[in-house]
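The values are calculated or read from the model by the stated rules, or taken from the named source; none is laboratory data. Small disclaimer: the values here were computed from a predicted structure and weren't measured. Cβ sites come from the backbone with ideal geometry, for glycine too, and all protein chains shown count toward neighbours.
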């Protein structure tokens, strides 16, 4: 790991602050996907704010691919595997209801 906070991580080139933003986005998304929340409005506002910050992060402008779908997915995977990360839940429609499940359960055709 890099000792310079905010500096690029050698394995991916993702700066620490970008990874932390993605991890926070995933935690909030998972809380919202898990069911109704008393603070749901505030969480949705925070999720939107974090989405804007992720899109506007200078890392996207500094790479040849920009914020391609592949780059976004790579960031999501890296952030979930990094210390403090968690996997993003997958939302599915089952019998007319929206449910959230871990990625492995979604892939197994639940």
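Taking segment 77-92 on its own, how many of its residues are more than 16 Å from residue 32 (Cβ to Cβ) and without any contact (Cβ under 8 Å) to a residue 60 or more places away in the chain?
Looking only at that region, the number is 4.
Scan segment 56-110 residue by residue and report those that are modelled with pLDDT of 90 or more, surrounded by 13 or more Cβ atoms within 10 Å (Cβ to Cβ) and out of contact with any helix residue (DSSP H, G or I) (no Cβ under 9 Å at 6 or more places or on another chain).
Answer for segment 56-110, where residues must be modelled with pLDDT of 90 or more, surrounded by 13 or more Cβ atoms within 10 Å (Cβ to Cβ) and out of contact with any helix residue (DSSP H, G or I) (no Cβ under 9 Å at 6 or more places or on another chain): 74, 77.
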